[in-house]
Amino acid sequence: MQSNEERLKSILKDHQTLTVVGGNWGDEGKGKVIDLIMENFEIVVRFSGGANAGHTVYTPAGKKLVSHLIPCGLAQNKTCVLSRGEFFNLELFLKELEESKKILGGKLADIHIDHQAPLWTPYHRYFEHYIESMRGETKIGTTSKGIGPLEGLYKLRLAPLVGFLFEPELLKSSLDSLYKVLSPSFEYLKSQNLLDEAIPSPEEVSKQLLASAPLIKEFVSDTGYFLDQALHDGKRILFEGAQATGLDAWWGTYPYVSSGNSTAAGAALGTGLPVSSFGSPLLVVKTLPTRVGFGPFPSEMWDRQLAMDFAKEHTELFTDKTAAAPFLAEKLRKINSGEAAPSEMSQYFQVLGDERGATTGRGRSIGFLDIPWLLYAIRVNGPKYIALTRFDMLSGIKSMSVVVAYKYDGKVLPKGQLPASWELKDVETVTEDWPCFAEDIGDIDDESRLPRSAQEFLARLQKHLGVPILLVGTGPGREAMVVRN
Ligand code: IMP
């Protein structure tokens, strides 16, 4: 019988490139999927987002590595590319590099950073703080990594670029312009006591950046050209998505989105490779989707803020398995007897899945499996395969509500169609109860060992989605994944 690795190898052998993207609102477990498949590729590329992402992978020695900026390929000594579409934060990059060196025992992969990627400065952080403060009720709930200001100001032609780190005059003049344009917002922050640190002058920022610049000089190049050459040389490339379809600046739930191109199309935009270099992507979706920050989430179980507060106020349930065990047992009993309120159902899955952000530590709000949303994500990304993560969350559950359609204005919406993003909060969900499985499927890595009811669940879901579910996550460990036939 073929092992999972062998099966994946034969499935992926015809893919010179593969793009992995998220189908929900992030945190789908893209890192784990990439971890599993990257041995089939030589180069791993980030094409959008920045330090707002957080991917967890493991080294061959089994050590955990959480990467924010550097592609997950670092863990397996792959060539790693931070392309032009990824916002570059020098300070965080160096920190991540140091931490990774420790974990990897000093050995480091070949790293390439695009010379024309937008460069983060502390001004982006202050400006984000200003924007979020001014928005009040309509704030986005960002990760505070300056991503929105970086992308926005880049499009206003006000971004310092990575290559300016080696062109002091250009760096200084771009920092001057940025400072001048943003200084009224800094004055406001100061006048309202919204900032408890002094704002550095362009000279100070420039000095600090230039002092660290030599540490990355060897990595900086034209990554678009490098990747194009690599493709011509027959190298196999994996494009690592960050954030997700629902957070894409154009096709997500605007304005409650991140600022990058996080659908599959972003891989071409962010790398400069022609669209013909990319086949259909692998879409990673979560059995029970989650969302952090604000914005519409049609299948959400409970209230966003309350779910986030719950995680903050009950950290012991997330960190102490002994404290969590009776809590989970009681909630599961209530779920299966139909007594659980939506809040309790949400709390059960939040604790069970340790649903807290890898970058911000904020609690994630949980939703029911949402087929109409996934059909939209499929429409936008056109995936060849689906990876369904955290399927084991349904272990021991008798039956689960699954959203099978949206109704807007009393009418069922056709498959793949969503109302406008500002109307999404008003959709009604049409649900069905789907039998789940009494057995614990945790850590099963072979399809034939999945209980029949779990296989039926997958077959039913696949029929609705019309795309093969290739991978099924069955637990947090790296081996806990089924590769389906
Ligand atoms: P930003 O990306 O920091 O601008 O945040 C915009 C929205 O995207 C907020 O709701 C964030 O919580 C969300 N977001 C950004 N990156 C991630 C991620 O990697 N996982 C989940 N949510 C994210």
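Quick one: which residue in Glu91, Glu86, Glu98, Glu169 is among the acidic types (Asp, Glu) and either in contact with a strand residue (DSSP E or B) (Cβ under 9 Å, 6 or more places away or on another chain) or within 16 Å of the ligand (Cβ to nearest atom) (or both)?
Exactly one residue qualifies, and that residue is Glu86.
Out of segment 287-315, which residues are within 11 Å of the ligand (Cβ to nearest atom), more than 17 Å from Thr429 (Cβ to Cβ) and either aromatic (Phe, Trp, Tyr) or open to solvent by less than 10 Å² (accessible area, probe 1.4 Å) (or both)?
Gly293, Phe294
Might you let me know whether segment 226-243 holds any residue that is without any contact (Cβ under 8 Å) to a residue 60 or more places away in the chain and surrounded by 17 or more Cβ atoms within 10 Å (Cβ to Cβ)? Lay out the reasoning, then the answer.
From segment 226-243, those without any contact (Cβ under 8 Å) to a residue 60 or more places away in the chain are 228-229, 232-233; that's our starting set.
Subsequent filtering for residues that are surrounded by 17 or more Cβ atoms within 10 Å (Cβ to Cβ) retains none.
No - not one qualifying residue is present in segment 226-243.
One line per residue, one yes/no per condition, for (1) out of contact with any helix residue (DSSP H, G or I) (no Cβ under 6 Å at 6 or more places or on another chain); (2) touching a residue at least 12 places away in the same chain (Cβ under 8 Å); (3) under 26 Å from Pro296 (Cα atoms):
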| position | (1), (2), (3) |
| --- | --- |
| Met1 | yes, no, no |
| Phe41 | yes, yes, no |
| His55 | no, yes, yes |
| Thr79 | yes, yes, no |
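Which of the residues spanning segment 257-314 are more than 15 Å from the chain's Cα centre (by Cα) and at positive phi?
Across segment 257-314, the qualifying residues are Gly272, Gly295.
Among the residues of segment 234-254 satisfying the criterion of being touching a Gly at 6+ places or on another chain (Cβ under 9 Å) and among the charged types (D, E, K, R), which is farthest from the ligand (Cβ to nearest atom)?
Glu240
Could you please find all residues in segment 360-388 being open to solvent by 10 Å² or more (accessible area, probe 1.4 Å), in contact (Cβ under 8 Å) with a residue 60 or more places away in the chain and within 16 Å of the ligand (Cβ to nearest atom)?
Result: Thr360, Arg362, Arg364.
I need the full set of residues from segment 137-163 which are part of a helix (DSSP H, G or I) and more than 16 Å from the ligand (Cβ to nearest atom), in order please.
Of everything in segment 137-163, those that are part of a helix (DSSP H, G or I) and more than 16 Å from the ligand (Cβ to nearest atom) turn out to be Val162, Gly163.
The values are calculated or read from the model by the stated rules, or taken from the named source; none is laboratory data. In this text, all values refer to a predicted model and were calculated from it rather than measured experimentally. Positions of Cβ are backbone-derived with ideal geometry, glycine not excepted, and every protein chain shown enters the neighbour counts. The accessibility values were calculated without ligands, DNA or RNA, using every heavy atom of the protein model including side chains. Shrake-Rupley method; radii C 1.70, N 1.55, O 1.52, S 1.80 Å.
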